[in-house]
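The values are calculated or read from the model by the stated rules, or taken from the named source; none is laboratory data. For clarity, every value in this text was computed on a predicted model and none was experimentally measured. So basically every Cβ, Gly included, is an ideal-geometry build from the backbone, and we count neighbours across all protein chains shown. Remember, those area values only see protein heavy atoms, side chains included, never the ligands or the DNA or RNA. Shrake-Rupley method; radii C 1.70, N 1.55, O 1.52, S 1.80 Å.
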Amino acid sequence: MQVSIACTDHNLKGRNGDHGKTNTTSPNVVNAARAKFRTVAIIARSFGSFTPRHHISLKESTGKLTGMKYRNLGKSGLRVSCLGLGTWVTFGGQISDEVAEQLMTIAYESGVNLFDTAEVYAAGKAEVILGNIIKKKGWRRSSLVITTKLYWGGKAETERGLSRKHIIEEIVRAMTYVINQGMSMYWGTSRWTAMEIMGTYSVARQFNLIPPVCEQAEYHLFQREKVEVQLPELYHKIGVGAMTWSPLACGIITGKYENGIPESSRAAMKSYQWLKDKIVSDDGRKQQAKLKELGHIAEKLGCTLPQLAVAWCLRNEGVSSVLLGTSNAEQLTENLGAIQVLPKMTSHVVSDIDHILGNRPYSKKDYRS
C-alpha cells in the first residue's frame, strides 16, 4: 500500500504524463484511489499560502477501551489521537521492519490513529514499510489517519520542491486537486511561517480553493514561541491547528546526554553533528541543568521526565496531536503513559515548570484573536 500522494502508481502517473487521459478516469478507479490513500498531505518547507473552515470547537473525547484522547485537527472535522507515531529516522533506518510492526501494533492497540511519514524518510522506504504493516495487520483503512509530506523527493532537480512538475500543480491548487480526486482528505503545512500560512489562506479564499487545516511544527520545553504565540492567532482566525513533533527535543529531554554523548546514540553519528553541537553548546549545558530541576517535578507527580515533557505539550489547547518518535517498545509505552499525566498538569505545575525554564507563565491571552 502506497500512502505518498507525490509519487504513486494509482492514477497520478497517468494524469501527470498523459494529458489526453486526464478526464477519462473511471469512477471505479477514483474510488479505489480514494479508499487507498485518504492521507493528510503536509507540504514541507516554505512558500506560502491557507482558508477558513467552519469553526468547530476543539473538544477532547476519550476512547473507552484505551483511554486515548481525541481532538479535532485544527477546526476541521477530522478526529485524531492526541498522540501520533512518527516514522522519521526509525522506519527503514534505525529499526528493523519487525520492530516497526511491533511499535505500530502497540500504538494502534493503545488508540493511536495518526501515523506520520514523508516521501524523503529513508528515501521512500518508510512509506512502504508503513503501508505493508497496515496491509499485513488488516487494519481498517477508515480507522487510520496517515500523514505524508512533500518537498524532498528524488535526486533530480525536477523531483523535489513544490513545483507543478513535482506535485502536479502549484501548492494550493495542487492540494485542492488531490483532495477533489479523493487521494487525500485534508492538507497542511510543515515549518511554514505564520505569514506564509496566511498567504495560503488568502489565495484559497480568492480562488475558491481548499486551505490547509494544520501546521506541523517543532514544540518542546525548549522550543515554544511559534506554537504558543504565532499559531494560536491562526487557529482562532482561520482554523489551523498544530501537529507538533520532537516533544523530547531529539532525545535531549530523556536525559541520555546528561553525562556526555554515548557512542551508540544518534548524536554520535556523523549525519547528526548538528545535534552533537547543540548538546555541547552553552545553551545545551543550561538545558541539562534545567532538566535536573524538572526531574524533581516529575518525581513529585509520579511520572518520568519524558512523560512530563509530552504531557506538557498536550496541555496546550492549540495542539491537536503530538508526534512521538521512538525506536523501541519500552520507550513508546512510556511516552504513551503521558496521557495519564495530563490531568496533573495544573496551572500550578505549569507555573513551576515555567519558572525553571525562565519563561513567563502560560497565559490564555496568547489565544485571543
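Selection over the stretch 339-353 of residues that are open to solvent by less than 60 Å² (accessible area, probe 1.4 Å), of a type in the set (Val, Ile, Thr) and either more than 14 Å from Ile297 (Cβ to Cβ) or not in a helix (DSSP H, G or I) (or both) gives a count of 1. Among the residues of the stretch 302-338, those identified as touching a Cys at 6+ places or on another chain (Cβ under 9 Å) and open to solvent by less than 10 Å² (accessible area, probe 1.4 Å) are Ala311, Leu314, Val319, Ser320, Ser321, Val322, Ala338. The single condition from (1) hydroxyl-bearing (Ser, Thr, Tyr); (2) over 25 Å from Met104 (Cβ atoms); (3) modelled with pLDDT under 85 that Tyr151 fails is (2). When the criteria are applied in full, Pro211 meets the requirement of being in a loop (DSSP other than H, G, I, E, B) and modelled with pLDDT under 95. Is at least one residue of the stretch 244-256 part of a strand (DSSP E or B) and at pLDDT 85 or above? Yes, because at least one residue in the stretch 244-256 is part of a strand (DSSP E or B) and at pLDDT 85 or above. The requirement of being farther than 29 Å from Ile146 by Cβ and part of a helix (DSSP H, G or I) is satisfied by Gln273. Counting only residues that are in a helix (DSSP H, G or I), crowded, with 18+ Cβ neighbours inside 10 Å and not aliphatic (A, V, I, L, M), the stretch 231-243 holds 2 of them. Asn359 meets all of the listed conditions (1) open to solvent by 10 Å² or more (accessible area, probe 1.4 Å); (2) in a helix (DSSP H, G or I); (3) of a type outside the set (Val, Ile, Thr) but one, namely (2). Of all residues in the stretch 273-301, those satisfying the criterion of being surrounded by fewer than 18 Cβ atoms within 10 Å (Cβ to Cβ) and either under 22 Å from the mean Cα position of the chain (by Cα) or of a type in the set (Asp, Glu) (or both) are Trp274, Asp277, Asp282, Asp283, Glu293, Glu299.
I'd like to check something: does the stretch 79-87 contain any residue that is closer than 25 Å to Tyr272 by Cα and either of a type in the set (Val, Ile, Thr) or modelled with pLDDT under 90 (or both)? Within the stretch 79-87, one or more residues are closer than 25 Å to Tyr272 by Cα and either of a type in the set (Val, Ile, Thr) or modelled with pLDDT under 90 (or both).
Looking at the stretch 206-218, can you tell me whether even one residue there is closer than 14 Å to Ile238 by Cβ, in contact with a Lys or Arg (Cβ under 9 Å, 6 or more places away or on another chain), hydrophobic (A, V, I, L, M, F, W, C) and surrounded by 23 or more Cβ atoms within 10 Å (Cβ to Cβ)? Scanning the stretch 206-218, I find at least one residue that is closer than 14 Å to Ile238 by Cβ, in contact with a Lys or Arg (Cβ under 9 Å, 6 or more places away or on another chain), hydrophobic (A, V, I, L, M, F, W, C) and surrounded by 23 or more Cβ atoms within 10 Å (Cβ to Cβ), so the answer is yes.
Just one of Ser246, Ser202 is buried (at least 20 other Cβ atoms within 10 Å of the Cβ) and touching a residue at least 60 places away in the same chain (Cβ under 8 Å); which is it? It is Ser246.
When each of Ile179, Ile197, Ile168 is tested for being of a type in the set (Val, Ile, Thr), touching a strand residue (DSSP E or B) at 6+ places or on another chain (Cβ under 9 Å) and open to solvent by 10 Å² or more (accessible area, probe 1.4 Å), the lone residue that passes is Ile179.
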